[in-house]
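Report on one structure; see the data block that follows.
The values are calculated or read from the model by the stated rules, or taken from the named source; none is laboratory data. None of these values were measured; they are calculated from a predicted model. A quick note on method: Cβ atoms are made from the backbone with ideal geometry, for glycine too, and the neighbour counts reach across all protein chains shown.
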Amino acid sequence: MIKLKNTQVFYFVIISYILINAYVLLFAKDMFYLFNLLPFAVLVILLAIFDIEKIMYIMVFSTPLAISLKELGYNDGLNLSLPAEPLMVGITLIYFLNELSSKVTDRKILKHPITIIIFIQMLWILITTITSELPVISIKFILARTWFLTSCYFMASQLFKNKKAILNHLMFYSIALAIVAIVTTVKHSAYAYDEKIADWIVSPFYNDHTAYGAALAMYIPVMCGILFMKNISTIVKVFCFILLTIFLISIIVSFARAGWLSLVVSIAVLITLLLKIKFRTILITLTTAIILFISFQTEVLMILGRNNTDSDGDITANIESMSNISTDASNLERLNRWSCALQMFEEKPVLGFGPGTYQFLYAPFQKSTQKTIISTNFGDKGNAHSEYLGPLSEQGLLGGIIVVVLVFSVMFLGYRLVYSVKDKSMKILTISLLMGMSTYFVHGFLKNFLDTDKASVPFWGFLAMLVCIDIYFKDEQPENEKLI
């Protein structure tokens, strides 16, 4: 009787859905697509209740393929990325409910130095949100950062207690990114890979080619690393080689100059690791280089000013144009944004103007001599173009310092792990993740993407992986078990 009753309920639900769908199609066509998302929403809710790990993988896979409300024509309100950010919000709610009821997060994760820095950063973002010039914008910023961190770092760290989950996370994002890369490259081929349209051809998946290049650059070292790991099956290695080929071709034709530069830096990081150079030595070298640059900045700028090579589609010219600060509009606009950020910092050095407010408040700080043909006064063309100067202008001196401390702490953690992890495959994975993180830190000098889901999933995910390797796998002896 129970079985019969359940069958009748099932048929009743299915028939009701078909009938209502037919009604919507005939009399409420505007709601048709929204109504047909209902089964997907029900599936997500059921998975969230019974298998949160699968929801995490759906979120990771959907992120590169997600499309923002702005791309769909909705310019008012919160510019969510669909379906990735709603999934992140749901995961965040589930995480907090579980944390309140049963304290699911491992105390080792919460006490790790990287996590402590993240907590300090979030506390300071909260304080500067209270004092913000545009409170609504800052509240949106801190809410987005909360669901990025919760879903991509704290919840992910619970999954990464299992090494297979680390590889699954990397593969799901990589496969989706490869789909985007193939679609973008095919679309671009119709224009003979014209460099002038590289910026918008990535739409609707990415808002510009630099964000797309940053994602590709992060996963290229990871795909290389998997090829050298022992406990990965041959089929998966062949698949990763295909993904690597797609990523390399895509980043070349994307004309993402910052992506090319970041990969060169990641190779330099690999060389220092192979030579077993300590991070302390590298830090001293970098500090010395910065001091020398500041001391001779006039001479350096004069030399750079002589370069008038513009990016025109030729790879050699594109590389040379990276240092062109005399005629390259992109580089000049970046200098304009940096100058505005520094002026904003000078005006409010302690608390800044508020998280997320730069793009809405920087226009009055533009000097007529620094404006370019792509400058705007309407706050519609991006942020400070720097992960370091942006927080400096929005959150004051301490905000900028926290970002720098986080960067150096991550690099220090990575170098320490490479020299201490016992399992060779895990050591290779650590090197790959560190190289991937280094590509983003280089991008951080030229762009800022951590206010988007596209960059947050790999950035905070890679960071969670390094932290979990440090806590759970650093001292494990080599094993032959296949990870994937």
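Listing for the model above:
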read-out: Qualifying residue in segment 146-155 (condition: assigned to a helix (DSSP H, G or I), surrounded by fewer than 20 Cβ atoms within 10 Å (Cβ to Cβ) and either of a type outside the set (S, T, N, Q) or on the phi > 0 side of the Ramachandran plot (or both)); value: no
read-out: Test: residue in segment 187-197 that is among the small types (Gly, Ala, Ser), in contact with an Asp or Glu (Cβ under 8 Å, 6 or more places away or on another chain) and assigned to a helix (DSSP H, G or I); value: no
read-out: Segment 177-205 residues that are of a type in the set (Asp, Glu), paired with ones that are surrounded by fewer than 21 Cβ atoms within 10 Å (Cβ to Cβ) (beta carbon under 6 Å, 6 or more apart); value: Glu195/Gly313; Asp199/Asp208
read-out: Single condition Tyr206 does not satisfy, out of (1) of a type outside the set (A, V, I, L, M); (2) within 29 Å of Tyr362 (Cβ to Cβ); (3) part of a helix (DSSP H, G or I); (4) under 16 Å from the mean Cα position of the chain (by Cα); value: (3)
read-out: Tally, over segment 359-370, of residues that are assigned to a loop (DSSP other than H, G, I, E, B) and either over 29 Å from the mean Cα position of the chain (by Cα) or surrounded by fewer than 13 Cβ atoms within 10 Å (Cβ to Cβ) (or both); value: 4
read-out: Meets criteria (outside any loop (DSSP other than H, G, I, E, B) and under 27 Å from Ala198 (Cα atoms)) for Phe255; value: no
read-out: Hits in segment 424-463 (condition: within 23 Å of Leu227 (Cβ to Cβ), among the charged types (D, E, K, R) and touching a Lys or Arg at 6+ places or on another chain (Cβ under 9 Å)); value: Lys424
read-out: Segment 328-358 - residue that is among the small types (Gly, Ala, Ser) and part of a helix (DSSP H, G or I) and, of those, nearest to Leu126 (Cα to Cα); value: Ala341
read-out: Residues (over 22 Å from Phe408 (Cβ atoms) and at pLDDT 75 or above) located in segment 258-311; value: Gly259, Trp260
read-out: Failed criterion for Phe239 (all others in (1) of a type outside the set (Gly, Ala, Ser); (2) surrounded by 16 or more Cβ atoms within 10 Å (Cβ to Cβ); (3) in contact with a strand residue (DSSP E or B) (Cβ under 8 Å, 6 or more places away or on another chain) hold); value: (3)
read-out: Counted residues, segment 383-427 - those being of a type in the set (S, T, N, Q) and more than 30 Å from Lys348 (Cα to Cα); value: 2
read-out: Unique residue being of a type in the set (Gly, Ala, Ser), out of contact with any Cys (no Cβ under 9 Å at 6 or more places or on another chain) and modelled with pLDDT under 85 when the list is Ser409, Ser386, Ser375; value: Ser375
